[in-house]
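The values are calculated or read from the model by the stated rules, or taken from the named source; none is laboratory data. Computed from a predicted model, the values in this text were never measured in an experiment. Neighbour counts run over all protein chains shown; Cβ positions are idealised from the backbone, glycine included.
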Number of protein chains: 6
Amino acid sequence: MSLLAEHTTTTAADAIERAEVAVLPTGSTEQHGPALALGMDHLAAEAFARTAVDRDDTVVLPTIPVGVSEHHRQFDGTLYVTAETFERYVEETISSLAAHGVRKAVVVNGHGGNSDALRRAARTLRDEETAFAPPWNWWDSVADVADDLFDEEGGHADAMESSLLWHLREDLVDPDALEDAEAGASEAWGESVHGAALGFDTIDFSESGAVGRPTQADPEKGARLFDAGRDQLHALLDWLVDRPLEDCWPSDHK
Amino acid sequence: MSLLAEHTTTTAADAIERAEVAVLPTGSTEQHGPALALGMDHLAAEAFARTAVDRDDTVVLPTIPVGVSEHHRQFDGTLYVTAETFERYVEETISSLAAHGVRKAVVVNGHGGNSDALRRAARTLRDEETAFAPPWNWWDSVADVADDLFDEEGGHADAMESSLLWHLREDLVDPDALEDAEAGASEAWGESVHGAALGFDTIDFSESGAVGRPTQADPEKGARLFDAGRDQLHALLDWLVDRPLEDCWPSDHK
Amino acid sequence: MSLLAEHTTTTAADAIERAEVAVLPTGSTEQHGPALALGMDHLAAEAFARTAVDRDDTVVLPTIPVGVSEHHRQFDGTLYVTAETFERYVEETISSLAAHGVRKAVVVNGHGGNSDALRRAARTLRDEETAFAPPWNWWDSVADVADDLFDEEGGHADAMESSLLWHLREDLVDPDALEDAEAGASEAWGESVHGAALGFDTIDFSESGAVGRPTQADPEKGARLFDAGRDQLHALLDWLVDRPLEDCWPSDHK
Amino acid sequence: MSLLAEHTTTTAADAIERAEVAVLPTGSTEQHGPALALGMDHLAAEAFARTAVDRDDTVVLPTIPVGVSEHHRQFDGTLYVTAETFERYVEETISSLAAHGVRKAVVVNGHGGNSDALRRAARTLRDEETAFAPPWNWWDSVADVADDLFDEEGGHADAMESSLLWHLREDLVDPDALEDAEAGASEAWGESVHGAALGFDTIDFSESGAVGRPTQADPEKGARLFDAGRDQLHALLDWLVDRPLEDCWPSDHK
Amino acid sequence: MSLLAEHTTTTAADAIERAEVAVLPTGSTEQHGPALALGMDHLAAEAFARTAVDRDDTVVLPTIPVGVSEHHRQFDGTLYVTAETFERYVEETISSLAAHGVRKAVVVNGHGGNSDALRRAARTLRDEETAFAPPWNWWDSVADVADDLFDEEGGHADAMESSLLWHLREDLVDPDALEDAEAGASEAWGESVHGAALGFDTIDFSESGAVGRPTQADPEKGARLFDAGRDQLHALLDWLVDRPLEDCWPSDHK
Amino acid sequence: MSLLAEHTTTTAADAIERAEVAVLPTGSTEQHGPALALGMDHLAAEAFARTAVDRDDTVVLPTIPVGVSEHHRQFDGTLYVTAETFERYVEETISSLAAHGVRKAVVVNGHGGNSDALRRAARTLRDEETAFAPPWNWWDSVADVADDLFDEEGGHADAMESSLLWHLREDLVDPDALEDAEAGASEAWGESVHGAALGFDTIDFSESGAVGRPTQADPEKGARLFDAGRDQLHALLDWLVDRPLEDCWPSDHK
């Protein structure tokens, strides 16, 4: 059992001694249209992260539930912190664990808006040689599977996300609202005008808050996504466990 | 049902419309000696906060699990962020909810080290007239009950905390380790030398990480603490629901 | 003539009175492999921006030549500032012009590493209702043309960039070195391991500093890219000139 | 003679050579009700600090007169800086002295509102191994004496403070106003509602700005307080002079 | 009597009601060579400021004793804070007074190294229309008198400063050390090499820490300087008292 | 050829290997009255800097075109960033070059308002022993020549600046407007009232934006200024090339 928060200091000492890699779930609490719960992104991250609980070479940290979601602020219930605050919160959390000796980590991320901040945090931790902590976005790892399952470009509260949540937490999906979600959805994220990316806020291009074709969702597809993502995550963990720490740091000047 | 993260935007709109007060649980993931789980403080905060889930006038936010715990850093497994980062994370989270219309909040706090930062966040939010969001420390609200139940000064991983966790999550207490916890504990928090408060880190004054007399713990006492704290919290929520927002802001110059 | 720096205050007053949109070129001074000059990105941005000099409804600002290039730092000659400093430099420059009355702008950007910072700056300026200043990346506007011209995924010092510079500044391309550039190049940007984006520094995945197939470059292709990009930029400027300022600001809460 | 500001560089070199501990007085300039001068807190700190002037092992720094007093801002004449600014001002001052070789210090503090910031400064200086500089609050060191002398809970401009100032600077106390002070005073600091500490500003709970029972004040009691505090301070200085610097730094990971 | 710190809130209310201008003394505690006390600059500022105590239209704030003196750090006893911290400390102090209604101020400054920071603070306070608070450097106001009295370029611990301190605090000047001061002094501040100002630290160009010809000092010259400076300061205060607040704010765009 | 931006990484490696000193031009884009172009200051800096292009021991960086010009903001076309942002932009740029091995630099500065920020940047870089990078203001280096050529105190858009620009870029001077410039000019910079430096914005003391006697300008005088400045700059470069790096760092405590 390696949810860090469930260890005492005595058992944590052992778990940390054995662990090579920490797993930190991050997400958001933000609008996901009329059919999905606001917690979608942190719940997904938590679900993937917790598949690592039985690994002896891993320790799972608590879930960070509020992220960089200002661009969803016009929709009810969206919580957010600034990118800078989120970056620091993640960076300092990982840094505090690294001081106990676990200096490799995977940030299991459920929210696209967090990505830049996570990447900056990872860069800083690596440049200081504090920790090697790349973010892992679950949807990036299952792009091929999603292409097979869904006919959508998507990007937010789409068929892919809807399916995953339906699989993970059936009670947090309202299937009757998927039609409304799709009716007010845009096809793709943002708005491009002659090469300039506009679409600063989701509301600029989506009426329902969704982007994609959520009516294609079903829980079996969600199960396939989850299994595929879990396999990718564990392959990444295996790879990282084996990677010598000294290979993780920045190269010298050429 | 008013865990914000479990609402869709549609139902969140209704819940926020009805809600007068938000409840934000904050804690830490930090050493609590050999007998208690590291998650003690955020689990306690979450447990108190979730008693408000059935209230129609309240909305419960996700739990913020890592806090201001640098002073426990010498003990295995302690995670921490700086006071400044924690303060901003909380302040911005509350501010983002306030923009949807819920401008009163109670920060249900499980960790003493968070208190100064929470107080600064509450002061800023109030001075800006963004939100009125005082912190509520569960142990302050049950001081009288604890005095009756325990013969300890305490302060960390003591009989009071041990009892509460035993009641809430029996699986996260190791009763056999309470003797060790007490054997290495200090009587009271910190170290005072001729009026100067030293004891910057817990390890400066406690061998086991505990402060108090944890062997006095039992789960029934924990149940009494929990019930007493819950009653206090709901009395506070009632009081805050009734308090006009305009009475919450700072007074003018005298 | 509307290079702002070449106006006196007297003629600037007229130019600003007439102008609807400012054009700010931004780039970098960073390695572009053995065949292209370090100034590639700011020179390209400047060249596109200066095509707007004859427009009466536009004013062109000086070129910002150093950007967010830390990830190229292991290669000789790369200059960089932090993302935060770059973001502020751009944001404050645009804000200072907006105070004279030109509150729409296009940031003509030549460097991918600047994009996140430019997007944050644009977001801040828009949220404050100071200015509407979306970044325009020249390569995004000519993606279709590039697909026709080149068989590469590319991403840095590739056939696309090499062609453009060859067209703009023949003296700054060393055609004899294009083979070396390609020999040490990676096919695509970065390195993905089981869904995690690694490749924090260019040197992690490219020996020569290039990414793509630079030997496909020639100046005629560069001319076609430049013309296509220029047309897109002017279409964007036309669109922005016509867009009422009040339509540029963020939407209200839904 | 060891007021640092009264030394030339020549004599300062000697004084610093001999000194083991610096003494830095900090206070505030803030309302102390109708009977006491605004300078109460920095004057008290200065008076205690200056008792160390004759010690050969000590050097006394200039008094920092404005502190963290925003919560008194509704009362006339209150000056304040932010907690962050005050913290930095103190930390940097101590750090600059430490560079000359005096790496232990006592911050003799006269204002409760400064305490958190002083504690953070001391923590930072210690974590960096720049200096060991715990704050010493005069009222904490004489709590027992005050309990004997006064029947009050108090906390601000109370009988304890009034007595001390009366002893130190009779001209800065208006004895005729002590009744008014008490008439408008609260019994204790702040306002607790069901365990939540409200009372963000003094004006929220005190009409006169005082907290306690100032009419119990007299100068003889002030003399007793001063002598007791002075003795405590010198005991602390003796203890600190003898403490090896290496014992002052943080412990290693357990 | 209008030392703010010596007022109670009751009398402060009256003094502030009558006052048009605040006077804030700022200086430093830094090396002034072998003959002058480290407190020279804050003592001088305080002495000038206190001449305003009898004015009914003025209120005198406490002295800020540590300033921007990093460039003297190689000499014993020099204390310093960063320019940014000093700037904030001053700006926030003035801002807190302005909230009580005194929105014009003179910062009576005794240390050249503070000037840039004071100017930035004044600019910020003016741009925000919080307060109009120009710095007044005593030496700038008596440049003509000093030209008559001394044959020196000077700049630090010179005949001008030595004379002033000799007049103000005879006990803080060691006349026997003036020869040593001069023997190790440079003629003028800094070091210019082909138009570049080097001389980042005083020690780069002065052996004794002094700059000028301190042996020309005597207390009668100091008295003349003081009287001349005092007259200038009061003329400035008169001018500022009469200046309408609305004339103090920045002009609109031309 | 050593404009860094025109090198490929291959030739940059050689140029950097040979170079001892970097040259970084900085200026502003700000009002220079009715007769001179807004780019005056960065164009002048660039012109001086580019005289170093043929030196083998030097590498010339791109020009930083926007500086600390807030005080000119009421005049049309003035761009500016804050002093802090400008300082960081310059400091980080120099620091990034230093990492390639060129650790001495001259900042060729064309704008007086940049001076304090450049000095702070140089101090920081030197204190960290990252680089030795003093600013060189062209007008300081030709003060004697200017005294011979012009009868003015001046300070902005004066005869000295007008002559220089006339020499460098005849097309950017409007000789017919020099009379207007002078008619609305002040004699000297700023406004001194009883020793206090007021004149926070240029508009506070100059109607036309100019300070000095621009009608005395002519291009031949500009040529003389330019030649004299260039000679000074190259003498400085020679001096700096020969100066051992270890002599550039701060001295130890005395």
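Identify all residues within region D:103-123 that are touching a strand residue (DSSP E or B) at 6+ places or on another chain (Cβ under 6 Å), buried (at least 24 other Cβ atoms within 10 Å of the Cβ) and not in a helix (DSSP H, G or I); write none if there are none.
Result: D:A105, D:V106, D:V107, D:V108, D:N109.
Find the residue count for region C:172-218, including only residues that are in contact (Cβ under 8 Å) with a residue 40 or more places away in the chain, charged (D, E, K, R) and outside any helix (DSSP H, G or I).
4
Let me confirm something: among B:A159, B:A196, which residue is at pLDDT 95 or above and more than 9 Å from every other protein chain (Cβ to nearest Cβ)?
On the way: B:A196 fails: more than 9 Å from every other protein chain (Cβ to nearest Cβ).
Sole residue among the options that is at pLDDT 95 or above and more than 9 Å from every other protein chain (Cβ to nearest Cβ): B:A159.
Hey, does region D:38-53 have a residue that's acidic (D, E) and touching a Pro at 6+ places or on another chain (Cβ under 8 Å)? Outline the logic, then answer.
Step one: of region D:38-53, the residues acidic (D, E) are D:41, D:46.
If we keep only those that are touching a Pro at 6+ places or on another chain (Cβ under 8 Å) too, we end up with D:46.
Within region D:38-53 (the criterion being acidic (D, E) and touching a Pro at 6+ places or on another chain (Cβ under 8 Å)), the answer is yes, since at least one residue qualifies.
Would you check if there is a residue in region E:138-150 being within 14 Å of chain F (Cβ to nearest Cβ), within 16 Å of the chain's Cα centre (by Cα) and outside any helix (DSSP H, G or I)?
yes
If you go through region B:35-72, how many residues are crowded, with 24+ Cβ neighbours inside 10 Å and part of a loop (DSSP other than H, G, I, E, B)?
The qualifying residues number 11.
From A:A12, A:A52, which residue is at pLDDT 95 or above, in contact with a strand residue (DSSP E or B) (Cβ under 6 Å, 6 or more places away or on another chain) and either farther than 20 Å from B:A12 by Cβ or among the basic types (K, R) (or both)?
Working: A:A12 fails: in contact with a strand residue (DSSP E or B) (Cβ under 6 Å, 6 or more places away or on another chain).
The match here is A:A52.
Filter region D:99-123 for residues that are within 15 Å of D:C248 (Cβ to Cβ) and touching a residue at least 40 places away in the same chain (Cβ under 8 Å); which is farthest from the other protein chains (Cβ to nearest Cβ)?
D:R103
What are the pairs with Cβ atoms under 6 angstrom where one residue, in region A:18-29, is free of Cβ contacts under 8 Å to residues at least 60 places away in the same chain and the other, located anywhere, is among the hydrophobic types (A, V, I, L, M, F, W, C)? Sequence gap at least six, or different chains.
Partner pairs satisfying both residue conditions: A:T29/A:L38; A:T29/A:V66; A:T29/A:L79; A:T29/B:A5.
From D:A196, D:A223, grab the single residue that is at negative phi and crowded, with 16+ Cβ neighbours inside 10 Å. Lay out the reasoning, then the answer.
Details: D:A223 fails: crowded, with 16+ Cβ neighbours inside 10 Å.
Matching residue, one of D:A196, D:A223: D:A196.
For A:R120, state whether it is of a type outside the set (F, W, Y) and out of contact with any Asp or Glu (no Cβ under 6 Å at 6 or more places or on another chain).
Details: of a type outside the set (F, W, Y): yes; out of contact with any Asp or Glu (no Cβ under 6 Å at 6 or more places or on another chain): no.
Considered against the rule, which asks whether it is of a type outside the set (F, W, Y) and out of contact with any Asp or Glu (no Cβ under 6 Å at 6 or more places or on another chain), A:R120 comes out as no.
Across region E:173-193, what is the number of residues that are closer than 20 Å to E:G222 by Cα, within 12 Å of another protein chain (Cβ to nearest Cβ) and surrounded by fewer than 17 Cβ atoms within 10 Å (Cβ to Cβ)?
Qualifying residue count for the region: 2.
Here is a check on your reading of the model: is A:L24 at the interface with another protein chain (Cβ under 9 Å from one of its Cβ atoms), outside any helix (DSSP H, G or I) and crowded, with 24+ Cβ neighbours inside 10 Å? I'd like the intermediate steps shown before the answer.
Details: at the interface with another protein chain (Cβ under 9 Å from one of its Cβ atoms): no; outside any helix (DSSP H, G or I): yes; crowded, with 24+ Cβ neighbours inside 10 Å: yes.
Criteria not met by A:L24.
Looking at (1) crowded, with 24+ Cβ neighbours inside 10 Å; (2) under 30 Å from A:S251 (Cβ atoms), can you tell me which one C:T9 breaks?
Every condition holds for C:T9 apart from (2).
For B:A210, work out the one condition from (1) farther than 21 Å from A:E6 by Cβ; (2) crowded, with 20+ Cβ neighbours inside 10 Å it doesn't fulfil.
It is condition (1) that B:A210 fails.
Taking region A:73-90 as the region of interest, how many residues are of a type outside the set (A, V, I, L, M) and either in a loop (DSSP other than H, G, I, E, B) or at pLDDT below 95 (or both)? So that I can check it myself, show each step before the final result.
As a first pass, look at region A:73-90 and keep what is of a type outside the set (A, V, I, L, M): A:73-78, A:80, A:82, A:84-89.
Within this subset, residues satisfying the condition of being either in a loop (DSSP other than H, G, I, E, B) or at pLDDT below 95 (or both) are A:73-78, A:80, A:82.
Adding up the residues that qualify gives 8.
For C:E84, are the conditions met, namely being within 7 Å of another protein chain (Cβ to nearest Cβ) and surrounded by fewer than 23 Cβ atoms within 10 Å (Cβ to Cβ)? I'd like the intermediate steps shown before the answer.
Values: within 7 Å of another protein chain (Cβ to nearest Cβ): no; surrounded by fewer than 23 Cβ atoms within 10 Å (Cβ to Cβ): yes.
No: the conditions fail for C:E84.
Output the qualifying pairs, or none if there are none: Cβ atoms under 7 angstrom, residues six or more apart or on different chains, first residue in region A:230-249 and farther than 16 Å from C:S192 by Cβ, second residue assigned to a helix (DSSP H, G or I) and not basic (K, R).
Pairs that qualify, where the first residue is farther than 16 Å from C:S192 by Cβ and the partner is assigned to a helix (DSSP H, G or I) and not basic (K, R), are A:R230/A:F48.
If I filter region B:27-48 down to residues being touching a Ser or Thr at 6+ places or on another chain (Cβ under 7 Å) and hydrophobic (A, V, I, L, M, F, W, C), which single residue comes out as farthest from the other protein chains (Cβ to nearest Cβ)?
Among those that are touching a Ser or Thr at 6+ places or on another chain (Cβ under 7 Å) and hydrophobic (A, V, I, L, M, F, W, C), it is B:A45.
Could you grab me the full set of residues in region D:206-215 that are more than 22 Å from the chain's Cα centre (by Cα) and away from chain B (no Cβ under 11 Å)?
D:T215
Considering F:T202, F:T215, which residue is at pLDDT 95 or above, of a type in the set (V, I, T) and more than 30 Å from E:L236 (Cα to Cα)?
Details: F:T202 fails: more than 30 Å from E:L236 (Cα to Cα).
Testing whether each residue is at pLDDT 95 or above, of a type in the set (V, I, T) and more than 30 Å from E:L236 (Cα to Cα) leaves just F:T215.
Has region E:124-137 got at least one residue that is assigned to a helix (DSSP H, G or I) and away from chain F (no Cβ under 11 Å)? Write out each step before concluding.
Step one: filter region E:124-137 for residues assigned to a helix (DSSP H, G or I), giving E:124-127.
Narrowing further to those that are away from chain F (no Cβ under 11 Å): none.
For region E:124-137, residues assigned to a helix (DSSP H, G or I) and away from chain F (no Cβ under 11 Å): absent.
Go through (1) in contact with a helix residue (DSSP H, G or I) (Cβ under 7 Å, 6 or more places away or on another chain); (2) surrounded by fewer than 20 Cβ atoms within 10 Å (Cβ to Cβ); (3) closer than 15 Å to C:Q216 by Cβ and name the single condition C:E170 misses.
Evaluating C:E170 over (1) in contact with a helix residue (DSSP H, G or I) (Cβ under 7 Å, 6 or more places away or on another chain); (2) surrounded by fewer than 20 Cβ atoms within 10 Å (Cβ to Cβ); (3) closer than 15 Å to C:Q216 by Cβ leaves (3) as the failure.
If you scan region F:172-229, which residues turn out to be farther than 30 Å from E:F48 by Cβ and polar (S, T, N, Q)?
Across region F:172-229, the qualifying residues are F:S206, F:S208, F:T215, F:Q216.
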